[in-house]
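What follows is a set of notes on a single structure, which appears directly below.
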Amino acid sequence: MELYELKEEQEKVILVGVQTRENDDTEDSLEELKELVKTAGAEVLGTVIQAREAVHPGYYVGTGKLDEIRMMLDGYGATGIVCDDELSPSQINNLERELQCKIMDRTMVILDIFAARANTSEGKIQVELAQLRYRAARLTGLGNSMSRLGGGIGTRGPGEKKLEMDRRLIKLRISQLKKELEQVKRHRQVLREGRSRENIMTAAIVGYTNAGKSTLLNTLTDAKVLEEDKLFATLDPTTRILELPGKQKLYLTDTVGFIRKLPHHLIEAFKSTLEEAKYADFIIHVVDISNPQREKQMFVVYETLQELGVEDKKIVTLFNKQDKLQDAETIRDFKADYIVKTAIKTGQGLEELKEVLEKILTENQIYLERILDYQEAGQIQLIRKYGQLISEEYTDRGIEIKARVPQNIYGKIGGR
């Protein structure tokens, strides 16, 4: 079954990009945009790239390039164009007037995908807030363009019925949604504090979209999170507990995938979700090593983490999809404290990953040796729950134990 069962005519679009520097990543970005557009349910008929010193302030591309785009629209029977950057209201208006077709940009496509993927009430609130912020800034420019097909990209999801609102009503709705998100944020904080009281460390799984984050969570914890070979298959973060071979426990939290040019509206709206990485004890960074753009994707992930204020955390980088790797080129991640080569779907490298995770947990624990009186035997359960019981021996003097425990548990263990 297809993700979208569109009743309206399928949109057929031309992709348009502007290359402002020689040998920049415009072509790669348009390839990614093509996948985004396909995920949103439209068909890509052609691509136009213009080399310019800067994006045209009025038309995005130069006025001479409009003739080429107009000919392509007519020749291919396309219904609209999708520009690879976020357009201003005047650019939308000018392009719509000149080309007489639906005008879309990268942000609109990503918002549309997020709208279709949002399943929980939190996700729907976040998506609608991002949509309304985007539309409030472009209310005038979107009017004619949106009415051309009566549906399609940009008109799906929780924010659909809000499109005709005037600025005043949109502002009121944004205010209401922000209050609802504050409640969500407080709820997340309560959950985090609850996990903190359990003295169990948390690792946030981050990575470029479609790198294998959900597959990792499912494989390690049987989380049953949706896995698809599509961009942004999952939006809502999922937290599951992982019991390691040494009986130590760790919380794993899956997060929304990152992508180049991730719209600022989305980062703001999804901050409470993305901040799971900020409050985690350390980071598991999943990289699709088979992707030719892997190094640029790694850069985008670290850039986004920096924007979220995620700093000074231990990082475990998984170079995933080793089974699909076409060359033997050496790839490094100088920001990583540990690197593990994996093929998550086949299980390759997962035992090594568990060893690394146990090592990190152990590094944050204190070694102790105690002799417990037999009436203090209940403390052994405390050690088993929050630490690692290395050995226990029942003697005439009491229970001799060797263990590793978190610092805040260390003082609670009696004995002599």
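The values are calculated or read from the model by the stated rules, or taken from the named source; none is laboratory data. Model, not experiment: these values are computed from the prediction. Backbone-built Cβ (ideal geometry, glycine too); neighbour counts: all protein chains shown. The area values use the complete protein model at the heavy-atom level, side chains included, leaving out ligands, DNA and RNA. Shrake-Rupley method; radii C 1.70, N 1.55, O 1.52, S 1.80 Å.
List of remarks:
- FRET efficiency, K178 to E243 (Cβ-Cβ, R0 25 Å, nearest 0.05): 0.05
- Over the residues of the chain, the helix contribution to mean residue ellipticity at 222 nm works out to -12500 deg cm²/dmol, using -39500 (n - 2.57) for each DSSP H run of at least 4.
- Computed across the chain, the Kirkwood hydrodynamic radius from all distinct Cα-Cα pairs reaches 23.8 Å.
- Take S121: with every protein chain present and a 1.4 Å probe, its accessible area is about 90 Å².
- Among the listed pairs K12/K179; K278/K402; K213/K359; K335/K385; K314/K402, those with a Cα-Cα distance over 29 Å are K12/K179; K278/K402; K335/K385.
- Mean-square fluctuations from a GNM of the chain, with a 10 angstrom spring cutoff on Cα atoms, peak among G123, G212, G309 at G309.
- Calculated translational diffusion coefficient of the range 20-124 (4 °C, 1.567 mPa s; Stokes-Einstein with Kirkwood radius over alpha-carbon pairs) equals 88 µm²/s.
- Counting Cα-Cα pairs of the range 246-330 in 5 Å increments starting at 0 gives whole-percent bin shares of 3, 12, 23, 22, 18, 12, 8, 3, 0.
- Gained length - S121 relative to R21, 0.36 nm times residue gap less alpha-carbon distance: 31.8 nm
- Stokes-Einstein translational diffusion, the range 368-408 - Kirkwood Rh over all Cα pairs, 1.002 mPa s, 20 °C, in µm²/s: 211 µm²/s
- Percent of beta bridges antiparallel (DSSP, the chain, rounded to nearest 5): 40 percent
- Relative counts (whole %) of C-alpha pair distances in the range 302-416, using bins that are 10 Å wide: 12, 29, 23, 19, 13, 4, 0
- For G46, the residues 5 or more places off, or on other chains, whose built amide H falls under 5 Å of its own are L15.
- Length available on full extension from A377 to K314: 0.36 nm per residue minus the Cα-Cα distance, which gives 19.2 nm.
- The chain: relative contact order in percent, alpha carbon pairs under 8 Å with at least 6 residues between: 11 percent
- Counted without the sites themselves, the longest stretch of the chain free of GluC sites (Glu not before Pro) in a DSSP loop having at most 11 other beta carbon atoms within 10 Å is 165-310.
- Residue list for the range 246-281, given a label point 7 angstrom along the Cα-to-Cβ vector of Q407 and an amide N cut-off under 20 Å: 249-251, 278-281
- Value of Rg/Rh across the range 50-101 [Cα atoms, Kirkwood radius]: 0.93
- Gaussian network model of the chain, springs between alpha carbon atoms under 10 Å - residue of L181, L274, L368 with greatest fluctuation: L368
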